[in-house]
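**Q** Pasting a structure here, questions to come.
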Amino acid sequence: MMECSRPGVSLIPIHGKVPRIHDSAFIAPGCRIIGDVTIGADCSIWYNCVLRADVSRIVIGDRTNVQDGSVLHCDGPHPGDPDGCPLMIGEDVLIGHLAMVHGCTIEDRGFVGLGAIAMNKSRIGSDAMLAAGAMLTEGKVMEPRTLWAGRPARFMRELGDAAILGMRMGVAHYVENGRRHAVALAEMADSAAKA
């Protein structure tokens, strides 16, 4: 894990906690990463995301992507809940644009659709999909390989192999696309330095 600066990215320590980011992760300019955040290998955090771990922690597994404009947060301990609500995100997770993910657990290969919301202590099972615009309310548990949709989100159906394969292809796409964006930004910085 590296704690170095990244151009155009705010890495903000708080309460003695510093973001820890694997050197292979792509963090796009405009991101704000605050406090006790851990980001794994080959992740991509896209333009203008906010990851704020000022009261608990955020952990993001390898090859996960968080798409543009998403907000990730957590809740700290309080009376009756000494563990609080850390945000725990597994490996190979897809989080769509403008999602709000708060104090929940997303298991490996979970999917959060565009503009969806996942609230404290909810859980998205492995290979499960929270549909675009859905709201998974506090404490709800999505079983593996299920699709949930609506506000509040409800079980819709089991996911077939084609949908699972599509999500895995999406993960591979974002790993490669993050590398391309990193190269493009480095080339732009080199050109600016030579000008």
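Readers should treat all values here as calculations from the given coordinates under stated rules, not as data from a laboratory. Computed from a predicted structure; not experimentally measured. No Cβ is skipped: glycine too gets one built from the backbone with ideal geometry, and neighbour counts run over all protein chains shown.
**Q** Using the Cα atoms of segment 85-132 to build a convex hull, what is its mean projected area in square nanometres? Walk me through the intermediate numbers first.
**A** Numbers: hull surface 10.2 nm².
The directionally averaged projection comes out at 2.5 nm².
**Q** How large is the Rg to Rh ratio of segment 41-83 when both quantities use alpha carbon positions and Rh follows Kirkwood? Working shown, then result.
**A** Values: Rg = 12.6 Å, Rh = 11.7 Å.
Value, to two decimals: 1.08.
**Q** Once you have the alpha carbon radius of gyration of segment 101-158, what is it after dividing by 2.2 N^0.38 Å, with N set to its residue count? Could you put the intermediate results ahead of the total?
**A** Numbers: Rg = 9.3 Å, N = 58, 2.2 N^0.38 = 10.3 Å.
In units of the globular-protein estimate, segment 101-158 measures up at 0.91.
**Q** Mind pulling the angle between the C-alpha long axis of helix 161-194 and the longest principal axis of the chain? Nearest 10 degrees, somewhere in 0 to 90.
**A** 20
**Q** Among His15, Met135, Val112, which residue has its Cα furthest toward the positive end of the charge dipole of the chain, with +1 on Lys/Arg Cβ and -1 on Asp/Glu Cβ?
**A** Checked the options; the winner is Met135.
**Q** Another one. First check a/c for segment 77-191, with a ≥ b ≥ c the square roots of the eigenvalues of its C-alpha gyration tensor; if it is under 1.5, answer rounded, and if not, answer prolate when a/b is larger than b/c or oblate otherwise. Could the numbers behind the result be given before it?
**A** Numbers: a/c = 2.32, a/b = 1.42, b/c = 1.64.
Verdict is oblate for segment 77-191.
**Q** Share of antiparallel DSSP beta bridges in segment 10-194, in percent to the nearest 5? The partial results should precede the final answer.
**A** Numbers: 7 of 49 bridges.
Of all bridge pairs located within segment 10-194, approximately 15 percent are antiparallel.
**Q** For Ser191 and Arg32, what does the FRET efficiency come to when R0 = 25 Å and r is the distance between their Cβ atoms, rounded to the nearest 0.05?
**A** 0.45
**Q** Test of understanding: ordering Asp92, Asp127, Asp83, Asp54 by Cβ neighbours within 10 Å, fewest first, what list do you get?
**A** Numbers: Asp92 24, Asp127 21, Asp83 10, Asp54 17.
Ordered from fewest to most neighbouring Cβ atoms within 10 Å, Asp92, Asp127, Asp83, Asp54 come out as Asp83, Asp54, Asp127, Asp92.
**Q** While we're on this one: Taking R0 as 35 Å, what FRET efficiency do you get between Val18 and Ala132 from their Cβ-Cβ distance, rounded to the nearest 0.05?
**A** On the way: r = 34 Å, r/R0 = 0.97.
After rounding, the FRET efficiency stands at 0.55.
**Q** Just want to confirm a number: the relative contact order over the chain, from Cα pairs under 8 angstrom separated by 6+ residues, in percent. Write down the numbers at each step before the final one.
**A** Values: 580 pairs, mean separation 23.5, N = 195.
Rounded, it is 12 percent for the chain.
**Q** Oh, and also: Suppose R0 equals 35 Å; then what is the FRET efficiency for Asp161 and Val183 from their Cβ-Cβ distance, rounded to the nearest 0.05? Present the calculation step by step, with values, prior to reporting the outcome.
**A** Working: r = 34 Å, r/R0 = 0.96.
Between Asp161 and Val183 the formula returns 0.55.
**Q** Given the Cα-Cα distance of Glu143 and Arg168 and 0.36 nm per residue of separation, how much length would full extension add, in nm?
**A** Working: separation 25, 0.36 × 25 = 9.00 nm, distance 1.79 nm.
Here the answer is 7.2 nm.
**Q** Reachable lysines from Lys140, Cα under 28 Å, same-chain residues fewer than 8 places away excluded?
**A** Lys121
**Q** Continuing with this model, one more query. Run lengths n ≥ 4 of DSSP H only: what is the helix-derived mean residue ellipticity at 222 nm for the chain, with -39500 (n - 2.57) per run over all residues, to the nearest 500?
**A** It comes out at -6500 deg cm²/dmol, rounded to the nearest 500.
**Q** In percent, how large is the relative contact order of segment 9-81, given Cα pairs closer than 8 Å and 6 or more residues apart? Write out the running numbers ahead of the final one.
**A** Numbers: 198 pairs, mean separation 19.1, N = 73.
Once divided by the residue count of segment 9-81, the mean separation gives 26 percent.
**Q** Along the positive direction of the dipole of segment 10-194 (beta-carbon charges: Lys, Arg +1; Asp, Glu -1; about the Cα centre), which of Tyr174, Met156, Val93 reaches farthest?
**A** Met156
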